[in-house]
1. V49: surrounded by 24 or more Cβ atoms within 10 Å (Cβ to Cβ) and away from the ligand (no atom under 12 Å from the Cβ), yes or no?
2. Looking at this structure, is K15 charged (D, E, K, R), surrounded by 16 or more Cβ atoms within 10 Å (Cβ to Cβ) and more than 11 Å from the chain's Cα centre (by Cα)?
3. For a quick check of your reading of the model, give me the residue pairs whose first member lies in segment 39-56 and is more than 19 Å from D149 (Cβ to Cβ) and outside any helix (DSSP H, G or I), whose second is hydrophobic (A, V, I, L, M, F, W, C) and within 14 Å of the ligand (Cβ to nearest atom), with beta-carbon atoms closer than 7 Å and at least 6 apart or on different chains.
4. Write out, first by first residue and then by second, each pair whose Cβ atoms fall under 7 Å of each other, whose residues are 6+ apart or on separate chains, and whose first residue, in segment 123-147, is in contact (Cβ under 8 Å) with a residue 12 or more places away in the chain and closer than 30 Å to V18 by Cβ while the second is charged (D, E, K, R) and assigned to a loop (DSSP other than H, G, I, E, B).
5. With respect to G66, determine if the residue is within 10 Å of the ligand (Cβ to nearest atom) and touching a strand residue (DSSP E or B) at 6+ places or on another chain (Cβ under 6 Å).
6. For segment 29-45, which residues satisfy the criterion of being surrounded by 17 or more Cβ atoms within 10 Å (Cβ to Cβ) and within 12 Å of the ligand (Cβ to nearest atom)?
7. Of the residues A4, A86, which single one is of a type outside the set (D, E), within 16 Å of the ligand (Cβ to nearest atom) and in contact (Cβ under 8 Å) with a residue 24 or more places away in the chain?
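Since every read-out is calculated from the coordinates, none of them should be taken as a lab result. This one's a predicted model, so the numbers in the text were calculated from it and none came from an experiment. When we count neighbours, we look across all protein chains shown, and the Cβ atoms used for this are built from the backbone with ideal geometry, even at glycine.
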Amino acid sequence: MKIAIGSDHAGFELKEYVKRILQERNETVLDVGTTGPESVDYTDFGLKVAGLVSRNEVEKGILVCGTGVGMSIIANKVKGIRASLAFDLYTAIQSRSHLDANILVLGGRVTGKGLAEEIVKNWLDTPYEGGRHQRRIDKIEAWENSYMDKE
Ligand code: RB5
């Protein structure tokens, strides 16, 4: 699977860790940065990953900032993005099976590496169930088509 990954400085260490997990799984990883611990703006990297997912240049995205909240806010402003912040396995799995989330967001200052690894693996391995859930996603998309410009 082709996956874009990005973080700010607060998510950098966890982003690098997650990148190694993805590479060990033989996923194709597109790292948009950041490239070190120097202070940067989560908005810039969130928009890069969200744009790649929105344009179908990658299948899924993973974003990491300190809390995960900033990345969630900015990614969900991009048309076609369903970004899910997950601090636990239940949320991660449900965000795929019920919501067809296309971006996973992690909090680098909140979630430890061991839990983050399980969250990432379960999120990637959980298929969307469709069925009754599609009606709600159709409503989100109808709203996007009425009110949002692409990017
Ligand atoms: C950066 O200091 C921090 O504000 C940011 O990573 C994030 O936590 C925002 O949600």
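1. Here the answer is yes, as V49 does meet what is asked.
2. Yes; evaluated as a whole, the condition is true for this residue.
3. So the pair list comes out empty.
4. Y128/D100; I137/D100; E144/K79
5. no
6. Passing the criteria: T34, V40, Y42, F45.
7. Testing whether each residue is of a type outside the set (D, E), within 16 Å of the ligand (Cβ to nearest atom) and in contact (Cβ under 8 Å) with a residue 24 or more places away in the chain leaves just A86.
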